[in-house]
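Scroll down for the structure; my scribbles are underneath it.
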Ligand code: OGA
Ligand code: MN
């Protein structure tokens with residue numbers, strides 16, 4: 001069925017796999033590419049170690065999965081390759097040259113605050129600190145499948161408000177007028193149906209989900225807290241400890257992620273592509 005020739009090593013109980021012996025080149029052959037795409041859908045998070053790749057490869061490979069978004073954080077894009085968002089604490093004139101510069105970053109889905117959020121992200125490590133800065137992923141398909149009945153009854157058929165403002169406030173990140181205009185609070189279903197696999201996953205995260213629609217405030221808060229505690233259970237988590245030249249491709253429809261703190265005296269530089277659903281699946285719910 002899946003993976004006729006690629007070697008795969010599972011990373012966690014319910015999801016995640018390392019794909020061994022593949023380079024993510026822009027001109028990868030179609031058979032290998034199709035296998036990887038099938039593995040990505042099945043495992044949700046794929047790890048590729050020791051990538052000898054150029055920026056054009058990260059962009060070219062990602063662009064075959066779906067159209068690439070030029071991230072609204074213009075100030076943090078690669079100057080030469082705007083399809084790449086820099087995630088880094090490296091500073092110029094005292095200002096970070098990338099997103100999520102320092103410290104811990106809480107659980108979130110990339111772009112959950114947009115009407116048509118990304119379906120995938122590919123993150124490549126250029127420089128990593130000697131300790132800390134690991135990235136944790138949570139399998140929201142499994143978290144939904146195993147959700148206790150009383151929570152399932154609340155989330156099914158409901159929407160929640162997603163707020164980029166709340167996320168930026170949490171990290172004291174400046175947002176200009178154009179970026180603010182692009183990111184008003186927005187409602188999405190609390191359970192997201194994957195546009196390619198049809199599987200259902202919880203679509204809620206502590207970093208950006210601020211309210212469940214149709215519930216009184218105190219009840220909404222209590223249910224969100226229960227959901228956040230549930231999705232952070234060990235059984236749903238894979239923690240990735242980075243080495244230089246790792247590439248991790250994750251499914252943004254059914255996994256969320258967070259980052260551990262690290263010593264800011266050390267430079268950390270990652271490059272990310274942001275991948276949209278194919279146009280015929282433009283409404284990803
Ligand atoms: C991201 C992200 C966390 C990290 O790239 O979207 O959240 O480990 N990164 O830097
Ligand atoms: Mn992220």
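Some notes on this structure:
- With the simple spin-label model, which puts each label point 7 Å out from Cα in the Cβ direction, the residue 265 to residue 193 separation comes to 5.4 nm.
- Residues in region 196-229 reached by a label modelled at residue 153 [backbone nitrogen below 13 Å; 7 Å Cα→Cβ]: none
- Between residue 245 and residue 131, the modelled label-to-label distance comes to 2.6 nm, taking each label 7 Å out from Cα in the direction of the beta carbon.
- Förster radius 51 Å - calculated FRET efficiency between residue 180 and residue 20 (Cβ-Cβ, nearest 0.05): 0.70
- Remark: relative contact order (region 1-154) = 15 percent; criterion is Cα-Cα distance under 8 angstrom and separation of 6 or more residues.
- Measuring between their Cα centroids, region 191-248 and region 1-61 lie 24 Å from each other.
- Length added when fully stretched, residue 172-residue 233, from 0.36 nm per residue minus Cα-Cα: 19.2 nm
- Across the alpha-carbon atoms of region 1-48, the computed radius of gyration and Dmax are 10.2, 33 angstrom.
- All Cα-Cα separations within region 173-212 were binned at 10 Å from zero, giving a P(r) of 24, 37, 30, 9, each value a whole percent of the pairs.
- Estimated at 0.36 nm per residue, the fully extended path between residue 218 and residue 91 surpasses their Cα-Cα distance by 41.6 nm.
Read-outs throughout are calculated quantities, based only on the coordinates presented, and are distinct from any laboratory measurement. Nothing here was measured: the structure is a model prediction, and the numbers come from that model. Neighbour counts are summed over all protein chains in view; Cβ atoms, including those assigned to glycine, are modelled from backbone coordinates with ideal geometry.
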